[in-house]
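Scroll down for the structure; my scribbles are underneath it.
The values are calculated or read from the model by the stated rules, or taken from the named source; none is laboratory data. Worth saying up front: this structure is predicted, and the values here are computed from it rather than measured. Here the Cβ positions follow ideal geometry from the backbone for every residue, glycine too, while neighbour counts run over all protein chains shown. For the accessible areas, the whole protein counts, side chains as well, though only heavy atoms, and no ligand, DNA or RNA atoms are used. Shrake-Rupley method; radii C 1.70, N 1.55, O 1.52, S 1.80 Å.
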Amino acid sequence: MEVIGLAALAGVLWCMFTIDEFGSALYQGGFLLLAVPAIALIIVSAHPQSLMGRFWGLPVLVWIGARSYGMYLYHWPVFVLTRPRGDLSLLDLSRPDINLPWLPVLAIRFVATGVLAELSYRYVEMPIRSGALMAWWRRSPRGLGRSALTAVA
């Protein structure tokens, strides 16, 4: 099982780095070529006793996975607002460009994205998932259009 998992991971990485998104090969079997090792990788990773499954179960990777949607949402504004010598200076048009090497800027971007994703996960996603939003809505006065939302839900 471990050999299949490593081969599948190698296959996914190979597809990732060699198949061109604009090439016709992607649409003439390239997606299938990627799907086969991806499915094998998922099957091996889902087995609780596989090394691959234990790897994906590492706490830091679980943390990233739980917050991945927030990271997806917040990375773009963070990257745009911290772009060195970029054309967008939304906060202050008179501020100088960020004159840091690319690695510290990338670290700042990752940390800022992670912090925003954590705040969103803790104070937006989890309250909605736990029903706190509906509980608040049920306690709200009828004048806020509560009856219309309750009828839809």
Anything in region 48-75 that is open to solvent by 80 Å² or more (accessible area, probe 1.4 Å) and among the charged types (D, E, K, R)? List them, or say none. ARG54
Considering only region 130-150, I want to know if a residue exists there that is modelled with pLDDT under 85, of a type in the set (Val, Ile, Thr) and out of contact with any Gly (no Cβ under 9 Å at 6 or more places or on another chain). yes
The condition from (1) open to solvent by 60 Å² or more (accessible area, probe 1.4 Å); (2) touching a residue at least 24 places away in the same chain (Cβ under 8 Å) that ALA8 misses is numbered (1)
Given (1) at pLDDT below 90; (2) assigned to a helix (DSSP H, G or I), where does ILE98 come up short, assuming only one miss? (2)
Residue set ARG67, ARG54; condition farther than 24 Å from VAL115 by Cβ and basic (Lys, Arg); output residue ARG54
